[in-house]
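J.: Quick one: structure below, then a few questions.
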Amino acid sequence: MHLTARRPKIVVSADGTGIVSQAGGLLLTQTLRATGLDRGLQAGLERWRLSRAVHDPGKIITDLAVAVALGGDCLADVAMLRAQPELYGPVASDPVVSRLVTRLAADAPRVLKAIRGARAAARERAWELAGDAAPGTDGTLITVDIDATIVTACSEKDQAAPTWKKTFGFHPLTVFADHGPAGAGEPLAIVLRPGNAGSNTAADHIEAARLALAQLPCSRRRVLIRTDSGGGTHDFLKWLTRPGRRLAYSVGFTITEDIQDAILKVPAAAWTPAYDAEGLVRPGAWVAELTGMLDLSAWPKGMRVIVRKERPHPGAQLRFTDIGGHRFTCLATSTKGGQLADLELRHRRRARCEDRIRCAKDTGLRNLPLHGYAQNQVWCEIVALACELLAWMQMLAFTGEARRWEPRRLRLQIFTCAGRIARSGRRLRLRLAASWPWASQITAAISRLQATTSG
């Protein structure tokens with residue numbers, strides 16, 4: 001006999017007390033304290049606090065960043081924090097938040113400078129606490145990826161314009177520090193641009209790189225700049241290779257007629273097998289160096305050009321630059337030594353930047369919710385803060401595979417855990433749901449952050 005049990009009828013009432021949702025969000029507030037980001041923003045934005053104001057501008061911005069990290073995509077989503085003062089403290093009302101953003105946007109250059117300064121100081125603290133888990137440990141290169149993305153707009157917002165993809169909106173330039181295969185990545189800069197901004201505008205790449213370098217600790221300025229072919233311009237590479245800068249680069253390089261002719265002249269013996277993502281030989285793919293076969297006198301001294309040849313995947317459409325049924329891509333790098341296959345694989349891992357952009361779009365960048373251009377610049381800084389909180393939280397509180405979890409998974413398994421607030425004397429105790437599969441992982445992560453804060 002097979003018994004079938006029906007789900008019992010549930011009577012719902014809105015009279016529970018002491019219960020909190022998004023209990024895992026406590027990890028974000030602990031990360032704020034551990035890195036000092038909350039204190040840095042309060043000090044940096046103090047000048048924009050009105051007399052007799054109840055709420056501190058720095059606290060409002062951190063509340064917005066936490067709300068966005070939890071999945072919010074507009075200013076009003078800070079209400080999820082306001083409903084749980086035991087976890088997140090007093091939260092400003094929607095009109096107060098809106099007026100603050102308008103006031104900050106009216107003085108955007110100084111506000112952006114203040115927020116970026118607080119971010120840089122908090123990043124230095126976070127990397128110091130992370131130790132070997134932080135980028136640039138033991139003097140290794142810090143990989144910085146620059147890439148642009150399209151953010152569509154459904155209304156005529158300030159400076160929204162048609163994009164090269166025949167959509168309408170904005171074309172921001174993003175910069176991320178890569179944590180390598182063991183971690184995720186964190187934004188160093190999100191430069192808002194109109195939708196008609198070019199993909200290979202050297203001035204924009206220089207501005208984005210300058211902002212990103214200012215975010216790095218002074219002791220960790222040995223950097224590898226990676227970009228697609230949009231960064232392979234004369235002006236940008238000359239800026240990167242100015243005397244006194246310890247910057248290496250690996251950029252995409254457009255295939256011209258001269259390069260096509262050089263590819264045809266490469267001897268068969270000069271092609272060496274390329275590597276796959278795991279560092280193993282990939283069948284049907286080869287690499288070769290074209291440096292000595294090209295006139296590179298107009299480019300920075302020491303630049304090398306490497307070409308990759310591979311058989312297209314079944315069903316792939318060939319381009320006019322594909323020769324003999326093979327697909328070719330080129331890169332330019334300043335690295336002098338190393339095997340060609342290793343250098344080409346290092347450049348191809350730039351694709352992780354696209355994952356970081358996708359995660360940023362899941363964390364407030366998919367839509368710019370405000371009308372004014374300066375207001376949306378402030379919003380991009382809030383998005384950067386939210387992404388950094390997630391990255392620093394994973395770097396300081398988690399180990400193993402959890403360091404690579406994307407925002408959607410963190411929200412599903414970590415942040416949405418329910419709990420109950422218990423009061424004992426003057427102390428608050430958060431009791432997580434015992435049946436939650438990741439409750440022990442959450443408590444262990446919070447203990448690590450609290451130990452870091454107390455230390």
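J.: Looking for something under 30 Å from Tyr249 (Cβ atoms), of a type in the set (Gly, Ala, Ser), without any contact (Cβ under 8 Å) to a residue 40 or more places away in the chain and assigned to a helix (DSSP H, G or I) - is there at least one such residue anywhere in segment 352-374?
T.: For segment 352-374, residues under 30 Å from Tyr249 (Cβ atoms), of a type in the set (Gly, Ala, Ser), without any contact (Cβ under 8 Å) to a residue 40 or more places away in the chain and assigned to a helix (DSSP H, G or I): absent.
J.: Would it be correct to say that Glu124 is without any contact (Cβ under 8 Å) to a residue 12 or more places away in the chain and not in a strand (DSSP E or B)?
T.: Numbers: without any contact (Cβ under 8 Å) to a residue 12 or more places away in the chain: no; not in a strand (DSSP E or B): yes.
In short, no.
To keep it simple, each residue is scored yes or no on (1) part of a helix (DSSP H, G or I); (2) at pLDDT 95 or above; (3) closer than 26 Å to Ala126 by Cα.
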| position | (1), (2), (3) |
| --- | --- |
| Thr31 | yes, yes, yes |
| Leu41 | yes, yes, yes |
| Arg52 | no, no, no |
| Ile61 | yes, yes, yes |
| Val66 | yes, yes, yes |
| Glu86 | yes, no, yes |
| Pro90 | no, no, yes |
| Pro95 | yes, yes, no |
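J.: Shifting gears a bit: What number of residues within segment 238-261 are out of contact with any Lys or Arg (no Cβ under 8 Å at 6 or more places or on another chain), closer than 18 Å to Ala288 by Cβ and in contact (Cβ under 8 Å) with a residue 40 or more places away in the chain?
T.: 6
J.: For Gly244, state whether it is within 32 Å of the chain's Cα centre (by Cα), in a loop (DSSP other than H, G, I, E, B) and not charged (D, E, K, R).
T.: Working: within 32 Å of the chain's Cα centre (by Cα): yes; in a loop (DSSP other than H, G, I, E, B): yes; not charged (D, E, K, R): yes.
The answer is yes for Gly244.
J.: Pick from Ala92, Ala65: which is crowded, with 18+ Cβ neighbours inside 10 Å and out of contact with any His (no Cβ under 6 Å at 6 or more places or on another chain)?
T.: Working: Ala92 fails: out of contact with any His (no Cβ under 6 Å at 6 or more places or on another chain).
It is Ala65.
J.: On to the next question. Looking at segment 5-21, can you tell me whether even one residue there is at pLDDT 90 or above, buried (at least 18 other Cβ atoms within 10 Å of the Cβ), touching an Asp or Glu at 6+ places or on another chain (Cβ under 8 Å) and not hydroxyl-bearing (Ser, Thr, Tyr)?
T.: Restricting attention to segment 5-21, the residues satisfying the condition of being at pLDDT 90 or above are none.
So far as segment 5-21 goes, no, none of its residues is at pLDDT 90 or above, buried (at least 18 other Cβ atoms within 10 Å of the Cβ), touching an Asp or Glu at 6+ places or on another chain (Cβ under 8 Å) and not hydroxyl-bearing (Ser, Thr, Tyr).
J.: If you check Leu385 against the conditions, is it within 21 Å of Gly58 (Cα to Cα), in contact with a helix residue (DSSP H, G or I) (Cβ under 6 Å, 6 or more places away or on another chain) and either among the charged types (D, E, K, R) or in a helix (DSSP H, G or I) (or both)?
T.: Numbers: within 21 Å of Gly58 (Cα to Cα): yes; in contact with a helix residue (DSSP H, G or I) (Cβ under 6 Å, 6 or more places away or on another chain): yes; either among the charged types (D, E, K, R) or in a helix (DSSP H, G or I) (or both): yes.
Here the answer is yes, as Leu385 does meet what is asked.
J.: OK, next. Can you find, within segment 421-452, the residue that is nearest to Leu28 (Cα to Cα) among those that are loosely packed, with under 10 Cβ neighbours inside 10 Å and polar (S, T, N, Q)? So that I can check it myself, show each step before the final result.
T.: So in segment 421-452, the residues loosely packed, with under 10 Cβ neighbours inside 10 Å come out as 424-427, 434-435, 437.
From what is left, the residues that are polar (S, T, N, Q) are 424, 435.
Working: Ser424: 24, Ser435: 22 Å.
Looking at residues that are loosely packed, with under 10 Cβ neighbours inside 10 Å and polar (S, T, N, Q), I get Ser435.
J.: Quick check on this structure: which one of Trp299, Trp379 is within 22 Å of Leu141 (Cβ to Cβ) and either under 19 Å from the mean Cα position of the chain (by Cα) or of a type in the set (Phe, Trp, Tyr) (or both)? Walk me through how you get there before you give the answer.
T.: Working: Trp379 fails: within 22 Å of Leu141 (Cβ to Cβ).
When all the criteria are applied, what remains is Trp299.
J.: Among the candidates Ala444, Ala391, Ala434, Ala422, which residue alone is out of contact with any Asp or Glu (no Cβ under 9 Å at 6 or more places or on another chain) and assigned to a helix (DSSP H, G or I)? Please lay out each step first, then the result.
T.: Working: Ala391 fails: out of contact with any Asp or Glu (no Cβ under 9 Å at 6 or more places or on another chain); Ala434 fails: assigned to a helix (DSSP H, G or I); Ala422 fails: assigned to a helix (DSSP H, G or I).
Result of the check over Ala444, Ala391, Ala434, Ala422: Ala444.
J.: Residues to consider are Val151, Val144; find the one that is of a type outside the set (D, E, K, R), in contact with a Lys or Arg (Cβ under 8 Å, 6 or more places away or on another chain), surrounded by 14 or more Cβ atoms within 10 Å (Cβ to Cβ) and under 14 Å from Ala189 (Cβ atoms).
T.: On the way: Val151 fails: under 14 Å from Ala189 (Cβ atoms).
Criteria check complete, one pass: Val144.
J.: Of all residues in segment 147-206, count the ones that are of a type in the set (Gly, Ala, Ser), touching a helix residue (DSSP H, G or I) at 6+ places or on another chain (Cβ under 6 Å) and closer than 16 Å to Thr227 by Cβ. Outline the logic, then answer.
T.: From segment 147-206, those of a type in the set (Gly, Ala, Ser) are 148, 153, 155, 160-161, 169, 177, 180, 182-185, 189, 195, 197-199, 202-203; that's our starting set.
Going one step further and asking which of them are touching a helix residue (DSSP H, G or I) at 6+ places or on another chain (Cβ under 6 Å), we end up with 183-185, 189, 199, 202.
From what is left, the residues that are closer than 16 Å to Thr227 by Cβ are 185, 189, 199, 202.
Qualifying residue count, segment 147-206: 4.
J.: Report yes if Gly195 is under 30 Å from Leu296 (Cβ atoms), surrounded by 21 or more Cβ atoms within 10 Å (Cβ to Cβ), in contact with a strand residue (DSSP E or B) (Cβ under 8 Å, 6 or more places away or on another chain) and not hydrophobic (A, V, I, L, M, F, W, C), otherwise no.
T.: Values: under 30 Å from Leu296 (Cβ atoms): no; surrounded by 21 or more Cβ atoms within 10 Å (Cβ to Cβ): yes; in contact with a strand residue (DSSP E or B) (Cβ under 8 Å, 6 or more places away or on another chain): yes; not hydrophobic (A, V, I, L, M, F, W, C): yes.
No: the conditions fail for Gly195.
J.: Going by the conditions given, is Pro187 in contact (Cβ under 8 Å) with a residue 24 or more places away in the chain, buried (at least 17 other Cβ atoms within 10 Å of the Cβ), closer than 22 Å to Ala126 by Cβ and not small (Gly, Ala, Ser)?
T.: Spelling it out, Pro187 is indeed in contact (Cβ under 8 Å) with a residue 24 or more places away in the chain, buried (at least 17 other Cβ atoms within 10 Å of the Cβ), closer than 22 Å to Ala126 by Cβ and not small (Gly, Ala, Ser).
The values are calculated or read from the model by the stated rules, or taken from the named source; none is laboratory data. Treat the numbers as computed from the prediction; the structure is a model and nothing was measured. Reconstructed Cβ throughout: ideal geometry from the backbone, glycine too, with neighbour counts over all protein chains shown.
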